[in-house]
Amino acid sequence: MKTVKIIIVALLAITLGSNSYAQSNSASKVTATKTETLKVSGNCDMCKARIEKAAKIDGVSKAEWDKKSKVLSVTFDPAKTNIDQVGKKVAAAGHDTEKVKADDKAYSSLPSCCKYR
């Protein structure tokens, strides 16, 4: 009877120990994300698709542009990228941001409904 109790206690200790190790190990793998906004010029749903596609660079988990407010909300891993890099990619796609102006070649390649200047 004592042997059965010892075995049960030993199994319980092993189970609890491995569960707590798994939790502490997975918690260290969680990366912190950051959400920032950026003003981006555009007009229509085609602009929205282009802006969001350009913003989804490595490290970006979410990018949403609001047509009315002209604000791009970006959720990203700060260890991999930053809002300035996202803004440069969006400008390269032809859309001015509050920090970076799209070059004339990229802007002129936009469809006529997307031109805002």
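Read-outs throughout are calculated quantities, based only on the coordinates presented, and are distinct from any laboratory measurement. Everything numeric in this text was worked out from a predicted model, so none of it was measured. Glycine also receives a Cβ, built like all others from the backbone with ideal geometry; neighbour counts cover every protein chain displayed.
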Calculate, for CYS113 and GLU64, the FRET efficiency according to 1/(1 + (r/R0)^6) with r their C-beta to C-beta distance and R0 25 Å; round to the nearest 0.05.
-> 0.75
Note down the nm distance, to one decimal, between modelled labels 7 Å out along Cα→Cβ at ILE14 and at GLU98.
-> 5.9 nm
For the residue pair ILE7 and ASP45, what label-to-label distance in nm results when each label sits 7 Å from Cα along the Cα-to-beta-carbon direction?
-> 6.7 nm
So how far apart, in nm, are the two label points at SER73 and THR33 if each is 7 Å from Cα heading toward Cβ?
-> 1.2 nm
Along principal axes, largest first, the alpha-carbon spread of region 74-117 in whole Å comes out as 37, 16, 15
